[in-house]
Amino acid sequence: EYRSLTNKNCKECQPFSITCKDDSTSGETTMADIIHNSRTETLIALDIAKKHHDALIQLPSGKTISVRITNTLEGYKRLLSLAKVEPSSITVGFEPTSDYHRNIAYWLSQQGVNCHLVSSLSCARAREMLYNSWDKNDRKDSKVILYLLTSGLSKPFYDPLIASTMDIQEISNTYHQITIARTRCLNSLVNHYLTLYFPEAEQFLHASRAEWFCQFLLKFPTPLAITRYKQQTFVKRAWDVIGRKQYKQQFLEHLYDIARESIALPVSVASHSVETFKLQLRRYIELSQQRVDLEKKSELFLAERADYQRLRTLPGVGPIIALMIIAESGDLNRFRHYRQYLAYCGFSLSSVQSGQRQSSYKLSKRGNARLRYAYWLAATNAIRQRENSFRHKYERYIRLNGTDSDNKRKAYTAVATKLARVAHAVV
């Protein structure tokens with residue numbers, strides 16, 4: 001009925017002369033042919049893995065080629081040779097998988113290929129929609145990625161190395177890893193070693209002064225290492241270990257009294273158990289020093305950057321938080337509107353609506369978790385300062401909604417969101 005309304009000899013009707021697949025044998029143009037002919041670029045969908053990548057190549061004619069390439073330079077060249085076109089007319093889509101996609105994405109970008117990312121959530125939803133099953137494999141994933149790529153549901157890949165932010169990102173990542181290792185080491189000292197060998201000493205092991213007390217424990221790891229001396233002898237031996245401290249004489253005498261009444265296990269100072277305790281103490285001191293060195297290095301490295309200087313003007317944003325923001329955001333100018341940046345951070349609001357039912361708005365959290373964490377830390381610092389608009393916003397929210405813990409959490413989130421919006425504006 002539709003074909004009867006069109007005239008195949010008429011130039012105006014020719015673009016609309018569409019038939020179903022059952023009539024394609026008659027030589028008429030099908031819908032699939034029109035879709036394929038309208039695309040002039042070659043699409044490559046990559047399912048990334050550590051050793052091999054599964055690729056699905058779709059040529060402009062609509063023909064597809066499935067191939068598995070090795071994660072080597074030879075495999076990369078083979079992939080381009082199968083495309084049989086200029087690299088500038090190739091678009092590659094892939095799902096970010098750990099850091100395995102970084103090498104092939106950089107090499108392809110250097111050859112002139114357009115690299116795009118598809119989100120893991122989009123892949124999971126599309127796989128369920130297309131195949132109506134929960135199972136997955138590499139070839140099926142490459143087909144899903146190709147579907148998202150042809151549908152335009154992808155975003156250009158932002159390479160930190162090309163954007164000259166890789167050094168900043170690596171400093172931030174290393175600082176994060178050292179902080180995690182330092183915290184775990186401190187927890188092991190508190191929950192295991194001190195519990196066995198000197199439980200009363202835990203009251204002095206605080207984050208602000210942990211290093212000096214670890215130096216003290218290296219010399220006096222157990223109460224027996226203290227009480228084997230007379231009180232005055234112990235005070236003289238420990239005088240220079242604890243550094244500058246008010247009421248040093250009274251503190252050391254008090255510590256000696258604590259050691260005499262300790263419930264610690266009576267382990268010999270020369271035992272292997274105490275040696276392992278000292279090993280963990282040295283490791284904690286070393287990690288603390290590495291963290292301080294990275295803080296100084298990052299501040300010197302970023303001192304000349306304009307975005308770093310502008311971020312430092314925000315209340316609550318110190319050197320490390322500014323480092324995290326630049327490392328995770330990259331160039332903030334690539335976000336044309338602050339709402340795009342808030343969505344990238346995971347600060348955008350979302351709700352569920354169906355019929356007469358609509359849920360309350362809440363954070364989507366579908367964004368960069370470490371970037372959101374950086375702004376949360378900045379918000380907690382800004383609120384503690386005396387005079388700034390972020391503290392006023394927090395106080396207004398609490399005054400209008402109450403002081404219970406849930407409203408405080410929402411107020412912190414509102415301040416963190418405002419900090420992200422202002423950071424995008426000033427940069």
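The values are calculated or read from the model by the stated rules, or taken from the named source; none is laboratory data. These numbers were taken from a predicted model, which means no experiment stands behind them. Cβ placement follows ideal geometry from the backbone for every residue including glycine, while neighbour counts extend to all protein chains displayed. Only protein heavy atoms, including side chains, enter the accessible area calculation; ligands, DNA and RNA are left aside. Shrake-Rupley method; radii C 1.70, N 1.55, O 1.52, S 1.80 Å.
The single condition among (1) farther than 20 Å from LEU371 by Cβ; (2) in contact (Cβ under 8 Å) with a residue 24 or more places away in the chain that PRO319 does not satisfy is (1). The condition (being in a helix (DSSP H, G or I), under 30 Å from ILE320 (Cα atoms) and out of contact with any Asp or Glu (no Cβ under 8 Å at 6 or more places or on another chain)) is satisfied by just one residue among ARG244, ARG182, ARG237: ARG182.
Note on segment 336-357: among residues that are among the hydrophobic types (A, V, I, L, M, F, W, C) and under 17 Å from ARG370 (Cβ atoms), the one that is nearest to the chain's Cα centre (by Cα) is CYS345. The criterion of being open to solvent by 10 Å² or more (accessible area, probe 1.4 Å), over 30 Å from LYS297 (Cα atoms), under 27 Å from the mean Cα position of the chain (by Cα) and at pLDDT 90 or above holds for HIS116. Restricted to segment 134-163, and to residues there that are of a type outside the set (A, V, I, L, M, F, W, C) and part of a helix (DSSP H, G or I), the residue that is most open to solvent (accessible area, probe 1.4 Å) is ARG139. Looking only at residues that are surrounded by fewer than 20 Cβ atoms within 10 Å (Cβ to Cβ) and more than 29 Å from the chain's Cα centre (by Cα) in segment 40-63, which one is modelled with the lowest pLDDT? The selected residue is THR40.
Each residue in segment 365-393 was checked for being closer than 18 Å to ALA343 by Cβ and exposed (fewer than 13 other Cβ atoms within 10 Å of the Cβ), and 2 pass.
Output yes when any residue across segment 64-87 is out of contact with any Ser or Thr (no Cβ under 6 Å at 6 or more places or on another chain), of a type outside the set (D, E, K, R), within 18 Å of PRO156 (Cα to Cα) and open to solvent by 50 Å² or more (accessible area, probe 1.4 Å), and no when none is. Looking through segment 64-87, none of the residues is out of contact with any Ser or Thr (no Cβ under 6 Å at 6 or more places or on another chain), of a type outside the set (D, E, K, R), within 18 Å of PRO156 (Cα to Cα) and open to solvent by 50 Å² or more (accessible area, probe 1.4 Å). Annotation: of all residues in segment 165-224 being of a type in the set (Phe, Trp, Tyr) and within 20 Å of SER273 (Cα to Cα), the one that is most open to solvent (accessible area, probe 1.4 Å) is TYR193.
Of the residues screened, SER109 is not one that is under 27 Å from the mean Cα position of the chain (by Cα) and on the phi > 0 side of the Ramachandran plot.
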